[in-house]
Structures are given as C-alpha cells and as structure tokens.
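In what follows, a structure is listed as structure tokens, so that the remarks can point back to it.
Bear in mind these aren't lab numbers, they're just calculated from the coordinates by the rules spelled out. Predicted model, so just to flag it, every value in this text is computed and none were measured. Backbone-built Cβ (ideal geometry, glycine too); neighbour counts: all protein chains shown.
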Amino acid sequence: MRTFNTTAVCIPSKHYMVDLTSRLEQIKTMIDAGQYFVVNRARQYGKTTLFAALYRFLKDEYTVVSLDFQALSSASFETEGAFISSFSRILLRRTGDSLPETIQVRLRKLMEKERPVLDELFAILSDWCGISDKPVVLLIDEVDSATNNQVFLDFLAQLRLGYIDREFTPAFQSVILAGVTDIKKPEAQAPSGRGVQVQQPVEHRLGLQGKNELRYCGYRRNAE
C-alpha cells in the first residue's frame, strides 16, 4: 500500500507522487544539448526525488552517475588529496562493476598516491567518458555542502575546463549540481574547519554564460 511521504526521496512503488514525466522530458532536452546546470531549491521541493527519477528516465540512453556530497565529511575538503580520495571512493561505490575495470584500477592507484591532484582525477574521468558505450551524465546532490571550500572551486574549474574543451577531449555529456543554496553566491564566511574562505561568486566556474543555461530552478527554465 502506498503512503504520502514528506521526508527524503519518494519511491514510486511506496509513495504517492505527482507525474514527473513533463519535468523529466524538459531536463532531458537540456542534457541532450550537453548543458551543465544547477538545480537549487529549498528542502522538501523534491530535488532528490527528481534525481532518482531522472536516473531511471535516462539509464537506457546514458550512463548516469548519481553522487551525494552528504557522503563526504569535512575532512574530505581539507586538502586536494583528501577530496580526490573521497570522491573516487564514492564514485567506485556508486558505479560498482559498471565502471570499466581499467578506470577502477587507475582510480584506486590515484587514491594511494601521496599527493594526487585534480587534473589527474579528471584525466581518468575524461578517459572513462571516451571509452564508455554511452555518454556519461554526472548528477551531484547536496552540492552546497561544499561551496565554501577552495578544493570545491578547483573541482568546478576542472568541470568548466572539460566543458570548454569537450570538442577535443572526452567529457561528461552533462553535469547537474543540486542543492538548497545558490552555489553561484557562496557565503562570505566558510564554516570552521571547512577549508579556505571564499568571497567570490562561482558562476564563471561552470563555464556557461546565459542564466537560462546555467540554472534550472523550481523545475522550470530561468529566462532572466
């Protein structure tokens, strides 16, 4: 028997849900066009449920990787190496055997390095995109938990570089970042122990110009 759910993700077989088909089709149009964008909305607006539905909606046509930055602790953002190890760990856990063995081996070797750097991680991710049978779509939920860390800004810069160079170098088909706050406007003060203080907007880090490309707020296109 299905019930109403007001916490965490809604599961179609267990909970009453609105029909998300039109929203999913709108988002897929943006993904098909290769857009990288942000979903930011208050809690209980269905972002996590949308991501779960989007995974099911896209999986036949795309390789969809859905990560949640809640899985990363404060220590994961203290250094570049710590972030790479934590990111690689959750990526390996979420993809399982669907990740090519050569990519799994390279990620584990990178995690063992004393001082890995982000461009090494993204070289591996680029090679994965290049050999994947289907275009790779990256979804990251609760991304605003990382916004006031320099390591996260460097991560965005690498995504931006991949977006810019993808005509010449394999990259993600689309990247969607979701959170409560607008990651383009991080708070002036970083919480204690959460890395370097950030006082600049990060819109340029995502590599997109128009707001209608950058943001997908409230499940409708922002045409500002």
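Enumerate the calculated ³J(HN,Hα) couplings along segment 91-99 in order (Karplus 6.51 cos²θ - 1.76 cosθ + 1.60, θ = phi - 60°), each rounded to whole Hz, writing x wherever the residue is Gly or Pro.
5, 4, 5, 7, 8, x, 6, 6, 7
Which of the peptides 168-175, 136-143 is most tightly packed, and how do the rest follow, judged by the mean count of other Cβ atoms within 10 Å per residue?
So the order, starting with the most tightly packed, is 136-143, 168-175.
What FRET efficiency comes out for the pair Asp32/Asp97, r = Cβ-Cβ distance, R0 = 30 Å, nearest 0.05? Walk me through the numbers on the way to the answer.
Values: r = 27 Å, r/R0 = 0.90.
Calculated value: 0.65.
Can you run phi through the Karplus equation (6.51, -1.76, 1.60; θ = phi - 60°) for segment 21-30 and list ³J(HN,Hα) in whole Hz, with x for Gly and Pro?
4, 5, 5, 5, 5, 5, 5, 4, 4, 5
What residues have an amide H closer than 5 Å to that of Val64, excluding those fewer than 5 places away on the same chain, when H is modeled at 1.01 Å from N in the peptide plane?
Under 5 Å from the amide H of Val64 lie the amide H atoms of Val137, each far enough along the sequence or on another chain.
Assuming 0.36 nm per residue, please report the length gained on full extension of the stretch Gln70 to Arg56 beyond their Cα-Cα distance.
On the way: separation 14, 0.36 × 14 = 5.04 nm, distance 2.13 nm.
Residue separation times 0.36 nm, minus the Cα-Cα distance, leaves 2.9 nm.
Please sort by residue number the GluC sites (Glu not before Pro) in segment 43-114 whose DSSP state is loop and whose Cβ has at most 10 other Cβ atoms within 10 Å.
Glu114
Among Asp154, Asp60, which comes first, then next, by fewest other beta-carbon atoms within 10 Å?
Asp60, Asp154
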